[in-house]
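These notes are about the structure you will find just below.
The values are calculated or read from the model by the stated rules, or taken from the named source; none is laboratory data. Everything numeric here is computed off the predicted structure, so don't read it as measured data. Counting neighbours? That spans all protein chains shown, and the Cβs are built from the backbone with ideal geometry, glycine included.
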Amino acid sequence: MLIIGTFQTAGVMGCIFLSLRTITASESSILTFTNPLLVVVFGTIFSQTRYKLYQWFGVLLGLVGVIITMGAQLEFKVGILFGIFSAVFWAISTLLAKKWGAISDTWVLSAYQMLFGGLLLLLGSFNLEKPFFILNGNSLFILLWLSIMSSIVQFAVWYYLLQKSDPGKTSAFLFLAPFFGVLSGWALLGEKIYTSVLIGGLFIIIGIYLVNSNFQKENKFVNRAL
């Protein structure tokens, strides 16, 4: 749980917030939620999971989508690197949670990985910056939302689904996050929606769909019909 918390809470959340300092919320969201594509790559390398050719083609489309999305950037920004690392850390924690999740209760795993990861972030805040918190209505609402909905509820549901299904298929639903990330950045923060972001996001969605599709079942139905 310490290792999972290091990657899932400290690694992913830390990199997401650091990325937002130099890139937009839309770009950070798209980069972070390319992690299902990395689950396929890491699963093949470390878990000997076998994927079809069209699934690897989906990985390629996803990577192309990231390149197109970042095409709006005229110069390299460190936030791009943090966004990529957040996806890498999430993919690693996904495979680890699938491997070790069965040895503990879902709520126990969620609580302790957040506890350990949160402590690492707290220690990092004292060493890397001067911690402060401005208490007002907005900050209190953000704190409660991140603590309850974006942490407790999200991780509990996430680990439950990982224990009940394949990591790649479960991760497929995450392709909705960049879409809502772009819309939220536009609606709440007034961020511009560049054409490259939309096209790149479309490539990523198609890529993740192909990675998590199972055309073999369709072929079985066709063969039975014949």
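Structural remarks
- In the stretch 1-90, counting only helices (runs of 4 or more DSSP H) that sit wholly within it, the ones holding 2 or more residues that are more than 17 Å from the chain's Cα centre (by Cα) and of a type in the set (A, V, I, L, M) span 2-5, 53-69.
- Matching residues, the stretch 1-28, being small (G, A, S), closer than 29 Å to I206 by Cβ and surrounded by fewer than 24 Cβ atoms within 10 Å (Cβ to Cβ): G11, A25
- Taking every residue in the stretch 18-37 that is at pLDDT 80 or above and pairing it with any residue that is aliphatic (A, V, I, L, M) and not in a helix (DSSP H, G or I), at least 6 positions away or on another chain, the pairs with Cβ-Cβ distances below 7 Å are S28/L20.
- Hey, S93 within 24 Å of T34 (Cβ to Cβ) and either outside any helix (DSSP H, G or I) or under 20 Å from the mean Cα position of the chain (by Cα) (or both) or not: yes
- Meets criteria (surrounded by fewer than 19 Cβ atoms within 10 Å (Cβ to Cβ), of a type in the set (K, R) and out of contact with any His (no Cβ under 6 Å at 6 or more places or on another chain)) for K98: no
- Selected residue (criterion: nearest to the chain's Cα centre (by Cα)) from residues of the stretch 111-167 that are β-branched (V, I, T) and more than 24 Å from I92 (Cβ to Cβ): I148
- Screening S213 against (1) surrounded by 13 or more Cβ atoms within 10 Å (Cβ to Cβ); (2) modelled with pLDDT of 70 or more; (3) assigned to a helix (DSSP H, G or I) leaves a single unmet condition, (3).
- Note on the stretch 112-181: enclosed helices (runs of 4 or more DSSP H) holding 2 or more residues that are at pLDDT below 90, in contact with a Lys or Arg (Cβ under 9 Å, 6 or more places away or on another chain) and not small (G, A, S) are 154-164, 167-171.
- Screening the stretch 90-145 for residues that are hydroxyl-bearing (S, T, Y) and free of Cβ contacts under 8 Å to residues at least 40 places away in the same chain and picking the one that is nearest to S47 (Cα to Cα) gives S125.
- Extreme residue, nearest to T195 (Cα to Cα), among residues of the stretch 66-83 that are at pLDDT 80 or above and of a type outside the set (D, E, K, R): I80
- Scanning the stretch 111-168 for residues that are among the acidic types (D, E) and surrounded by 11 or more Cβ atoms within 10 Å (Cβ to Cβ) returns a single hit, D166.
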